[in-house]
Amino acid sequence: MRQRITWLVLFSAAIAVMVLSYSAHIWATTANGFKATTIATGTFEEFEVFNHSILPNPTGDGDNDRDDKTLWLSMQKTKGSSDLYVQSNVWQSVSPTGVVASTGWHTHPGHSLIIVTSGTITEYEADCRPHVYTFVLGHGHVHIIRNEGSVPASSIAVQLVPYDPNKANRRIDAAAPANCPNIQ
């Protein structure tokens, strides 16, 4: 009897491991027609940077005091070490058969500044609405970026994320939101 229980427990554990492994692969979506290349990386200790500038008054009336249109601010503060990545991203154009190049659904543990250097890219978030960009400011939310155009698209991204000695946390694959099953 003890041997049957042992086999039952082992068999149940094996099935649970297979189901969890299989479902993890189903939930994540893969990139298609998309290539990301790391150009440079760097690691920073904690930092706090504040910059400001008073810009010339565009109306020329001499009143630069307290005009929000003439004040520029930039603030960045981290707690803990950070990794900085500079990425080159390229999406193929829509294929003759209608296949759209995409990053696959994913998120990042930090934020990204992205400059589109050619073509246009379309980002979808959990609301499933398309947002067409020539510049993107990303943050830690699940999204997919696609090239829905007839010409290749490319971008340069600068990403600041929490430090990871294995350099494995820049991109976190994610499942497509339940309400966006047809956006891949």
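The loop-placed trypsin sites (Lys or Arg not before Pro) in segment 88-184, going by DSSP, that have at most 15 neighbouring Cβ atoms within 10 Å of their Cβ come out as K167. Residues whose amide H comes within less than 5 Å of that of G104, counting only those at least five positions distant or on another chain, are N32, I145 (H built at 1.01 Å from N in the peptide plane). Only aspartates and glutamates eight or more places from K69 in sequence, or on another chain, were considered; those with a Cα closer than 14 Å are D61. Across segment 96-108, rounded Karplus estimates of 3J(HN,Hα) from the backbone phi angles (6.51 cos²θ - 1.76 cosθ + 1.60, θ = phi - 60°) give x, 8, x, 6, 9, 6, 8, 7, x, 5, 6, 9, 9 Hz, Gly and Pro being marked x. Taking Lys and Arg as +1 and Asp and Glu as -1, the other residues whose beta-carbon sits under 10 Å from that of P177 total -2.
Other residues lying with their Cβ under 14 Å from the Cβ of N89 contribute a combined charge of +3, Lys and Arg counting +1, Asp and Glu -1. Could you tally the net charge around P152, taking each other residue with its Cβ under 13 Å from the Cβ of P152, Lys/Arg +1 and Asp/Glu -1? Once all neighbours under 13 Å are counted, the net charge is +1. Candidate cross-link partners of K79 among the lysines, defined by an alpha-carbon separation under 23 Å and a same-chain spacing of 8 or more, comprise K167.
Max-minus-min Cα coordinates of segment 69-148 on each principal axis give 47, 33, 27 Å, with the largest extent listed first. For segment 104-170, a Kirkwood hydrodynamic radius built from all Cα pairs, placed in the Stokes-Einstein relation at 37 °C and 0.692 mPa s, yields a translational diffusion coefficient of 260 µm²/s.
Taken together, the values in this text are just the output of simple stated rules run on the coordinates, not laboratory data. Worth saying up front: this structure is predicted, and the values here are computed from it rather than measured. Note that each Cβ is placed from the backbone with ideal geometry, even for glycine, and that neighbours are counted across all protein chains shown.
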